[in-house]
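The structure appears below as structure tokens.
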Amino acid sequence: MTDPADSADPTRIWSAMRALVLDNDRRREVCDALGMSFFRIKALRRIAASPVKLGDLATDLMTDRPYTTLVVDDLARRGLVERTPHPTDRRSKIVTATPAGAAAAKEAERILGTPPAALRELPEADLAVLQRVMSLLEQ
């Protein structure tokens, strides 16, 4: 009789992949390092990638405009972003990362980009197999 844990079950594999990516300590680590919620860090990373209209930021973050305004207000109080008038739309503001905001976003990327120990400790042959499989999944 075969062990169910040995069978190729896409649901079990997906669950393990989600746990590896979402349930590791990187989110807590980045929140502790930057002293803010993960959602604020997500917003800052998006803003640091390129200036954005407040309404577009709400869409990108899949949240409503009033909450996005609160988040941007907090980031501005921290000196991480600034609002400037949109050059062609008087009703809109452009949100841009300050140098301190760009540095904080870069630190967040460094922390979030560090693979969990479980992945770093895999033998090279297993990493090669995983890389091949991930390449197939990206197509």
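The residue that is nearest to the chain's Cα centre (by Cα), among those in the range 102-134 that are over 13 Å from GLU29 (Cβ atoms) and β-branched (Val, Ile, Thr), is VAL133.
Residue pairs whose Cβ atoms lie under 8 Å apart, sitting 6 or more positions apart in sequence or on different chains, and linking a residue in the range 108-131 that is closer than 27 Å to ALA49 by Cα to a partner that is among the charged types (D, E, K, R) and assigned to a loop (DSSP other than H, G, I, E, B), are PRO116/ASP25. Hey, among the residues in the range 90-139 that are among the basic types (Lys, Arg) and outside any loop (DSSP other than H, G, I, E, B), which one's least open to solvent (accessible area, probe 1.4 Å)? This residue is LYS93. Going through (1) open to solvent by less than 60 Å² (accessible area, probe 1.4 Å); (2) not in a helix (DSSP H, G or I) one by one, PRO87 falls short only on (1). Scanning the range 32-72 for residues that are open to solvent by less than 50 Å² (accessible area, probe 1.4 Å), more than 18 Å from the chain's Cα centre (by Cα) and without any contact (Cβ under 8 Å) to a residue 40 or more places away in the chain turns up GLY55, THR69. Within the range 28-46, no residue satisfies the criterion of being in contact with a Ser or Thr (Cβ under 7 Å, 6 or more places away or on another chain) and within 15 Å of THR63 (Cα to Cα).
Is at least one residue of the range 5-24 open to solvent by 60 Å² or more (accessible area, probe 1.4 Å), within 23 Å of ALA104 (Cα to Cα) and at pLDDT 95 or above? No; the residues of the range 5-24 include none that is open to solvent by 60 Å² or more (accessible area, probe 1.4 Å), within 23 Å of ALA104 (Cα to Cα) and at pLDDT 95 or above.
Before we move on, is LEU57 at pLDDT below 95 and either under 25 Å from GLY35 (Cβ atoms) or out of contact with any strand residue (DSSP E or B) (no Cβ under 7 Å at 6 or more places or on another chain) (or both)?
On the way: at pLDDT below 95: no; either under 25 Å from GLY35 (Cβ atoms) or out of contact with any strand residue (DSSP E or B) (no Cβ under 7 Å at 6 or more places or on another chain) (or both): yes.
For LEU57, the condition - at pLDDT below 95 and either under 25 Å from GLY35 (Cβ atoms) or out of contact with any strand residue (DSSP E or B) (no Cβ under 7 Å at 6 or more places or on another chain) (or both) - is not met.
The values are calculated or read from the model by the stated rules, or taken from the named source; none is laboratory data. Since we're looking at a predicted model, the values are computed, not measured. Methodologically, a virtual Cβ is constructed for each residue, glycine included, from the backbone with ideal geometry; neighbour enumeration extends over all protein chains shown. These accessible areas exclude ligands, DNA and RNA; they are computed on the full protein's heavy atoms, side chains included. Shrake-Rupley method; radii C 1.70, N 1.55, O 1.52, S 1.80 Å.
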